[in-house]
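The block underneath contains the structure these notes are about, expressed in structure tokens.
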Amino acid sequence: MEIKKLVFSAIQIAISMGLVFAIWRFVDFSAVRQNFTKADISLLLAALMSLVLQQLIAAWRWRLVSQSIGAGAHPGGLYRYWSGLGLLASLVLPATVGGDLVRSLGLTKRERAGIIIRGILVDRAIGLVGLAVVILISVTFSPGIFLNNPMTWPVLAVAVGGILLGGTLVVVGGLTQSKSRLINAIHKISISMREAVIGPEGLKVVIASLAIHTLSALALYALVESIGTSVSDPITFAGMALSALLVSAIPISIGGWGVREAAMTLALGLLVISADTAVFCSIAFGGILVVSAALVAITGGVELLFAAVKRKLGQEVSSVEPLH
């Protein structure tokens, strides 16, 4: 098993390096560097704030999902800290679920393994379905550019299939169990999905999911505008850019690096946006995502630290014998 993991990690590293090398060969990186030097700082900060807000909402959604399936009322700082660390891990580790494994550490001593695993799986599934929904919403505004380009058909098929699968899991959650262990495992995930989406906090979970991906689109829009590239149709741009992010979510590279740049180049190329602009947007997006994850992890860590100090001081005060 360990050998298989090492081989798969080596393949991911090779794919990332191969795609980066290909992009280096076919894209004018002097123009990419020029884009970084001329980028408007205020719009870069706007992109950063969008992604920081996105990560705060993502941690909040994970907390809502976990509590909806039976997790305790743990502090928000705990979820922010481990959500930020998880994202950082997923951006640099050559592993399929490296970020999810890191996130699971935050609840290891606090919850049962089943709740932790289902919470993370359901959170990730809802996130992918939310991304698919936002993409398809953008398609309704400019169906021609999506439907007339065969290059976008696989992405649209994945988006539609993801929504149908997510809806099926919610429906299956209301059905009875089976004697099959596999079906029972799927049934448990379905029940958790149903509780997260249709339960008391379901509306918040859905709104959070849509907001997360809308903020990704806003960050990418700020990045492309930061170098003076005019976007005539922001909604179509959002759909194309998010389609590239959906492709980069396929676990075949390290944190989507290489895949995201290639997909962004192809997707934005359909909007007649130059390759150097697309690569700039993708690299800047990845870099700012790292910074935003670190900032969110720090805010969560500071909250946990203050809570620990407060508990320690409370214990010391309570241990002091009253004077008579």
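The values are calculated or read from the model by the stated rules, or taken from the named source; none is laboratory data. Please read all numbers here as calculations on a predicted model, not as lab measurements. Here the Cβ positions follow ideal geometry from the backbone for every residue, glycine too, while neighbour counts run over all protein chains shown.
The table below lists the values:
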item	result
Top-ranked residue in region 166-182 [being exposed (fewer than 14 other Cβ atoms within 10 Å of the Cβ) and in a helix (DSSP H, G or I); ranked as modelled with the lowest pLDDT]	LEU182
Region 220-235 residues that are without any contact (Cβ under 8 Å) to a residue 60 or more places away in the chain and over 20 Å from PRO143 (Cα atoms), paired with ones that are in a helix (DSSP H, G or I) and of a type in the set (Ser, Thr, Tyr) (beta carbon under 8 Å, 6 or more apart)	VAL224/THR277; THR229/THR277
From GLY72, GLY99, residue being without any contact (Cβ under 8 Å) to a residue 40 or more places away in the chain, within 28 Å of ILE115 (Cβ to Cβ) and surrounded by fewer than 17 Cβ atoms within 10 Å (Cβ to Cβ)	GLY72
Count of residues meeting criterion [basic (Lys, Arg) and closer than 16 Å to SER216 by Cβ] in region 116-140	1
Unmet requirement for TRP153, which otherwise passes all of (1) touching a residue at least 60 places away in the same chain (Cβ under 8 Å); (2) surrounded by fewer than 19 Cβ atoms within 10 Å (Cβ to Cβ); (3) among the aromatic types (Phe, Trp, Tyr)	(1)
Of residues in region 96-127 being assigned to a loop (DSSP other than H, G, I, E, B) and in contact with a helix residue (DSSP H, G or I) (Cβ under 6 Å, 6 or more places away or on another chain), the one nearest to ALA196 (Cα to Cα)	LEU107
Sole exception among (1) surrounded by fewer than 17 Cβ atoms within 10 Å (Cβ to Cβ); (2) in contact with a Gly (Cβ under 7 Å, 6 or more places away or on another chain); (3) among the basic types (Lys, Arg) for ARG194, by number	(1)
Residue under evaluation PRO200, criteria (1) part of a helix (DSSP H, G or I); (2) surrounded by fewer than 12 Cβ atoms within 10 Å (Cβ to Cβ); (3) at pLDDT 90 or above, criterion not met	(1)
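Here is a yes/no grid of residues against (1) within 19 Å of LEU215 (Cβ to Cβ); (2) in contact with a strand residue (DSSP E or B) (Cβ under 9 Å, 6 or more places away or on another chain); (3) hydroxyl-bearing (Ser, Thr, Tyr); (4) in contact (Cβ under 8 Å) with a residue 60 or more places away in the chain:
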| site | (1), (2), (3), (4) |
| --- | --- |
| LEU268 | yes, no, no, no |
| THR277 | no, no, yes, yes |
| GLY300 | yes, no, no, yes |
| LEU304 | no, no, no, yes |
